[in-house]
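Input: a single structure, listed below in structure tokens.
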Amino acid sequence: FFRRSRRLFARMNGAARMNGAAPTPNGPLDKHPEPKKQPTPLDRSADSRPEGSPDSLDSKCGSLSRKPSLLHASPSITLDPDAWIAYLVLSGTSVTETMSAICHSAINAARKNFPGSLPDQQIMNMVLRSMAGKLPGFTPETTMLATCFCPDEIQNALGDLSHLLLEHFGKKFDFAGLGGLPFAGKTGFKAFAGHMPENGHMFIVVAPHIGVTPDGELGKYQRCNQSAPTTACGACVGAWKLACEDGPKPSPPVSSPEYHEDYQFRLIQTLITDHMEDIQEHPDGPMAGMAYTVFDYALQTMLNIMDLTTLKGGKLVLLGGLQINMPEPLSDFFLPLYFKMHAEGAEPKDLLHLLREEAIDAMQYQSPSAERRKMSRNSRPPAR
């Protein structure tokens, strides 16, 4: 096992050289590494904890540490359960049979249902490297960040993409409510645009989420200090369960107090009900179908509320995808589905191929096909 671990780390060091990272001088078990260099802007998503910070895996349980992430490894390694196990062993973690089984079950579930997904920190670095070549002024000083993540705490823990983005850009504007849908609307976008630096750019990330249990089940997440997994995303799964149990039912009238007291859930309920057949018939099961359906709605809504006339010569970069909440001890994964640069009076420039080229060195990138996702991005959002 340890010989295999050493071979895996040798492969990681080779991948690190390809990505411009410095491998350890005497291999993964070197006890006297070179002094840590000051992180550059492209490295800010890397682990930059202060000296003496704890090294626990319980980042989603309130610890100030992060989950581990094979930051500089090639995609085939980050999707290899044995690579994660080797990393944990060599970093001093006591890996039990249960932990080993979790790594295999959860990663295999991500590979099967969300092909092309990668750990958050790796996605973060890939995006920053891609933008450095396409938009040189894409810096924290000149770029205003907005995010559209569900307020669920498992979406906003240390080491998650939402936190990595905030860590790099320093501040952010929140569009989202339940389900990661952009409830801030057109008024929210106007407010966000008014905060953009002069001659600057916008960067918006839209990412609904879905949980994965230690057994690889979709739509649930094993939260800290709970005896059994609970739903994730809770609002979306709750709306789907209501539709399954009671059949399609219309939401209360928009003018009613019942609607306004829970209007975010009512909109999600309408969305799930309107696409119930597509969700149920999804080839990877209803939970995967629900996640793709919610993403398509969130992305189309964001595209509808964007006002490119507010850019004043700048660019708007929109990244969209699914956030996959992986069980401990794994870091969360992200599946990029949309990555384009928008400008006033011009056709959007597709950048998704840049992320694919980053991943192609070790795996066949598989973007979900139209048959897998079932729902057209051009469909109109459901009426409230």
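The values are calculated or read from the model by the stated rules, or taken from the named source; none is laboratory data. Please read all numbers here as calculations on a predicted model, not as lab measurements. Backbone-built Cβ (ideal geometry, glycine too); neighbour counts: all protein chains shown. The accessibility values were calculated without ligands, DNA or RNA, using every heavy atom of the protein model including side chains. Shrake-Rupley method; radii C 1.70, N 1.55, O 1.52, S 1.80 Å.
General observations
- Annotation for the stretch 250-286: GluC sites (Glu not before Pro) lying in DSSP loop with at most 11 further Cβ atoms inside 10 Å of their Cβ are Glu261, Glu281.
- In order along the stretch 334-350, the Karplus-derived 3J(HN,Hα) couplings, from 6.51 cos²θ - 1.76 cosθ + 1.60 at θ = phi - 60°, round to 9, 10, x, 10, 8, 8, 9, 10, 9, 8, 5, x, 9, 6, x, 9, 6 Hz, and Gly and Pro are given as x.
- Across Lys172/Lys315; Lys172/Lys241; Lys171/Lys315; Lys112/Lys315; Lys186/Lys315; Lys186/Lys220, pairs whose alpha-carbon gap is larger than 28 Å: Lys172/Lys241; Lys112/Lys315; Lys186/Lys220
- Accessible area (Å², per residue) of the stretch 169-292, counting only protein heavy atoms and a probe of 1.4 Å: 44
- Using a Förster distance of 25 Å, the FRET efficiency for Glu97-Cys224 (Cβ separation, nearest 0.05): 0.75
- Annotation for the stretch 113-189: GluC sites (Glu not before Pro) lying in DSSP loop with at most 10 further Cβ atoms inside 10 Å of their Cβ are Glu141.
- The orientation-averaged projection of the convex hull spanning the C-alpha atoms of the stretch 167-259 amounts to 9.9 square nanometres.
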